[in-house]
Amino acid sequence: MKRGEIFGFLGPNGAGKTTAVKMLLGLARPNSGDAAILGQPLNSLKARHITGYLPELFRYQEWLTAREVCRWHAALLRIDAAKRTSHIDDILQRVGLGERADERVGTFSKGMQQRLGLGVSLLGEPQLIVLDEPTSALDPVGRADVRALLPQLKAKGATIFLNSHLLAEVEAVCDRVAVIDRGSLIATGSLDELLGHLALRISFVELGESLRRNLSARGAAFDGGSTAIFGHIDESAVPALITDLVQNGAAIKAVQPIRRTLEERFLELLKEE
Amino acid sequence: MIGNILLVASLIWREATRRRLLPTVAIFSLVLIGATAWGLNRIATFHNPSGHTISHYELTVLTSVLVVMMAFMFCIIVSLVSAFLGALSMGVEIENGILLAIVPRPLRRFEIVLGKLLGNIFLMAAYTIVIGAIELAVVRGVTGYVPPHPVVALLYLTGVGAVTLLITMCLSVRVSAVAAGFAAIVLFGLARIAGFADTIASALNNTAVQQASLIVSLVVPSDGLWRGAAFALEPAAMVGLGGAVQRGNPFIALAPPAYAYLAWSAAWAIAFVIATIALFARRDL
C-alpha cells in the first residue's frame, strides 16, 4: 500500500481477507513472514497508535453510551483530555450519531452500531484506517455517507485499507485494489490497470459526412446508426474531444464511457485462477 | 502500563454497576442473611418442653457450628459469583467480539488480562468481605457470638473465590465461557470432596486416600483455603475437643493451613496468572 491512498482488498469468501487484516492488527499470529504498518513493525505500540480499525464483527459494550465508548478508546489512545470532548463530539457528528451520543449502545440498531464502530476507528485521527466490510449493516443512506466520508479522510492525509465485498463501492472510492484467492495475491494495481482501457460511445442527433470523416480520422468506428465508438481512448483526452466536436457543429445526444466493471474483472480473475 | 491496566479494570467495575450485577447479587445475599438472622433468633428464643430457653453456653456452641456451616454455604456462593465474573469478562468478550476492537489498540495483551483480573478480584473481594462482614455482624447482633478471627476467615474466603476466578479466566481463554465456568465449579466441588475424603481418611489412618487428597488440594487449593476460613471461625474449645468425632467431621478444621501451603497457594495463583497471559498472547481472535 502507498501512503495516502484508498486501497481495496478483494477476494471471494474464505480467500483470507479477514485473516490477513487480523494478522496486520495483531488479532491473529502469522505462521511465518513479516509486515510493517507505515514503516512501523507489526504489533508495535507505535503501529497500533497510528491505526484505526473497524472490525467486520463489530461489537461494543452495550451498557455504555456511544460517547462513553469513544471516551474509553480515546483514553487508551492518550488523546489530550482537553481536546477529547470536542474531538469525540466531532467524530460522532461525522458518523451521524451526534443526536444519539448519550444513548446506550444496547439500544442501537446494527447500522448505528456500525456507525459507532466507524467513529471509534477514526479516534485520534489515525494515519491508517482499516475498515473491514464497513457498510455491511448500513442502509443506502449510510453507505452513501461512508462513500462520501472516505475521500474526506484521504484528503486529510489518512491511508485507508478497505476490505469489502461490495465491488461497486470499492470501484467508486478506491485508488488501487488487490485481489486475493486462497491466501495468495492474484492481482494488484490501479483500477485503470486492472480494468483495462476506457472505451467511449458518443451518440449524435445527426451524423453528417464531414463529422463522420472527422471522427474516422480520430480512430472512431460506427455502429451503422448515428453512434461513434472509440475502442481505446485516454480518459484525460475525453473533455477536449467533446469540446472540439461541439465547436465543429456536432449535436451530441449522449456520451457514455464503456469499461468492464470491477465485478466483471474480479470474476475473470477468479476464473483464470 | 498501570494506566492501561486500570482503564481495563474500570470497565469491569462500571459494567458491574451498569448491569446491576452487584446490586442484584447483594440483594439476594441480604435476603439470605435476613433468613439466617430469623433462624438464629428462633434458636435464641427457643423454649424446650419444660418452658426454659436455651442457655447462653448452648447457644454459643450451636451458633459456632452454624457459623462454620453458613460460611461454607457462603463459600459456594462466592465461588459461583467468581466463576460467573471470570467467564463474563474473558470468555464472553472473546466469543462476542468485543475484544476485536480493544486488542488492536496501543496496549499489550497482558495488560488486558491483568486489568480484567484486577477488576474482577476487586469486585469479588468487595462482595465477599462486605456481605461476609454483614452476616457476622448479624450473628453477633442476634446471638452475641463473635468467631475468633473473622477478618482472617473473610480473607481466606476471598482466596477461595480468587482460585475459582483464576481457573475460570484461564480456561475461558481457550474454551467457551460456559464450559470454563462449569469446569471451575466442578473443580471447586472436586476439591471439597477431596477435603471430605481427607478428613475421613485421616480419622481412619488411610494414607493412600490422604495422599490423593493432598494432590488434589495442591492442584486446586480452594479447599485448603476453605479450611483456613473454617479454622478461623471455630472457637478454641471446638478445636480442643480433638477426639475421633472431630477428626472425622468434614466441617471442622483442626489446624490452619501451614505457611508452606499458603506459599504454595500464592505460587499457584501467580502461575495461573502467567498461564492466562501466555494463553491469551497465543490466542487468535
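Computed about the Cα centre, the dipole magnitude for region A:197-262 is approximately 140 debye when only Lys and Arg (+1) and Asp and Glu (-1) carry charge, each at its Cβ. The residue list B:Thr17, B:Thr36, B:Ala203 was ranked by how far each Cα lies along the charge dipole of chain B toward its positive end, using unit charges on Cβ atoms, and B:Thr17 comes out on top. Could you tell me which of the pairs A:Lys46/B:Lys116; A:Lys17/A:Lys110; A:Lys83/A:Lys154; A:Lys154/A:Lys253; A:Lys83/A:Lys110; A:Lys46/A:Lys83 are separated by over 31 angstrom between their Cα atoms in the structure shown? Pairs exceeding the cut-off: A:Lys154/A:Lys253. Shape class for region A:1-61, computed from the alpha carbon gyration tensor (a ≥ b ≥ c): rounded, with a/c under 1.5. Membrane-span-like helices in chain B, defined purely by DSSP H runs whose alpha carbon atoms cover 27 Å or more axially and whose average Kyte-Doolittle hydropathy reaches -1.0, are B:21-44, B:56-86, B:109-143, B:150-172, B:177-204, B:259-281. Rounded to 0.05, the FRET efficiency of the A:Leu45 and B:Arg174 pair, given R0 = 30 Å and the Cβ-Cβ distance, is 0.70. Computed over chain A with a Gaussian network model linking Cα atoms closer than 10 Å, the most mobile of A:Asp89, A:Asp234, A:Asp181 is A:Asp234. Report the normalised scattering of chain A as log10 I(q)/I(0) at q = 0.12, 0.15, 0.16 Å⁻¹, calculated by the Debye formula with identical scatterers on the alpha carbons. Taking Cα atoms of chain A as identical point scatterers yields -0.82, -1.07, -1.17. Simple point charges give the picture: +1 on the Cβ of Lys and Arg, -1 on the Cβ of Asp and Glu, and for region B:2-281 a dipole about the Cα centre of about 540 debye.
For chain A, a Gaussian network of Cα nodes joined below 10 Å ranks A:Leu118, A:Leu166, A:Leu45 by mean-square fluctuation, and the top entry is A:Leu45. The residue list A:Ser136, A:Ala28, B:Ser213 was ranked by how far each Cα lies along the charge dipole of the protein assembly as shown toward its positive end, using unit charges on Cβ atoms, and B:Ser213 comes out on top.
How much of the DSSP bridge set in the protein assembly as shown is antiparallel, in percent, rounded to the nearest 5? The antiparallel proportion sits near 60 percent. Estimated from the Cβ-Cβ distance and a Förster radius of 25 angstrom, the FRET efficiency linking A:Thr243 and A:Ser190 is about 0.40. Based on Cα contacts under 8 Å between residues 6+ apart, chain B shows a relative contact order of 24 percent.
Site pair A:Ser210 and B:Ile193 shows an inter-label distance of 10.4 nm when each label is modelled 7 Å from Cα along Cα→Cβ.
Among DSSP beta bridges whose residues both lie in chain A, state the antiparallel percentage, nearest 5. Just about 55 percent of them are antiparallel. Note on region A:64-165: Rg/Rh from C-alpha atoms, Kirkwood Rh, equals 0.94.
The spacing between region B:34-48 and region B:111-125, judged by their C-alpha centroids, is 39 Å.
Look at the alpha carbon pairs under 8 Å that are at least 6 residues apart: their mean separation over the length of chain A gives a relative contact order of 22 percent. Approximating the spin labels as points 7 Å out from Cα along Cα→Cβ, the B:Arg140-to-B:Thr24 distance works out to 3.2 nm.
Site pair B:Ile129 and B:Trp264 shows an inter-label distance of 2.7 nm when each label is modelled 7 Å from Cα along Cα→Cβ. Solvent-free Debye calculation, one equal scatterer per alpha-carbon of the protein assembly as shown: log10 I(q)/I(0) at 0.07, 0.08, 0.13 Å⁻¹ equals -0.59, -0.70, -1.22. Quick check: from the Cα gyration tensor, does region B:2-281 come out rounded (a/c under 1.5), prolate or oblate? Oblate.
Shown here for region B:1-40: trypsin sites (Lys or Arg not before Pro) in loop regions (DSSP other than H, G, I, E, B) with at most 16 other Cβ atoms within 10 Å, namely B:Arg19, B:Arg20. Applying 1/(1 + (r/R0)^6) with r as the Cβ-Cβ distance of B:His52 and B:Val152 and R0 = 51 angstrom yields a FRET efficiency of 0.90. Mean residue ellipticity at 222 nm, helices only, the protein assembly as shown: -19500 deg cm²/dmol; runs of at least 4 DSSP H residues each add -39,500 (n - 2.57), and the sum is divided by the number of residues. A simple charge model with +1 on the Cβ of Lys and Arg, -1 on the Cβ of Asp and Glu and nothing else charged puts the dipole of region B:1-146 at about 400 debye relative to its Cα centre.
Just so you know, all these numbers are worked out from the coordinates, no wet-lab data involved. This structure is a prediction, so every number in the text was calculated from the model and none was measured. Because the Cβ atoms are built from the backbone with ideal geometry, glycine has one as well, and the counts that use them run over all protein chains shown.
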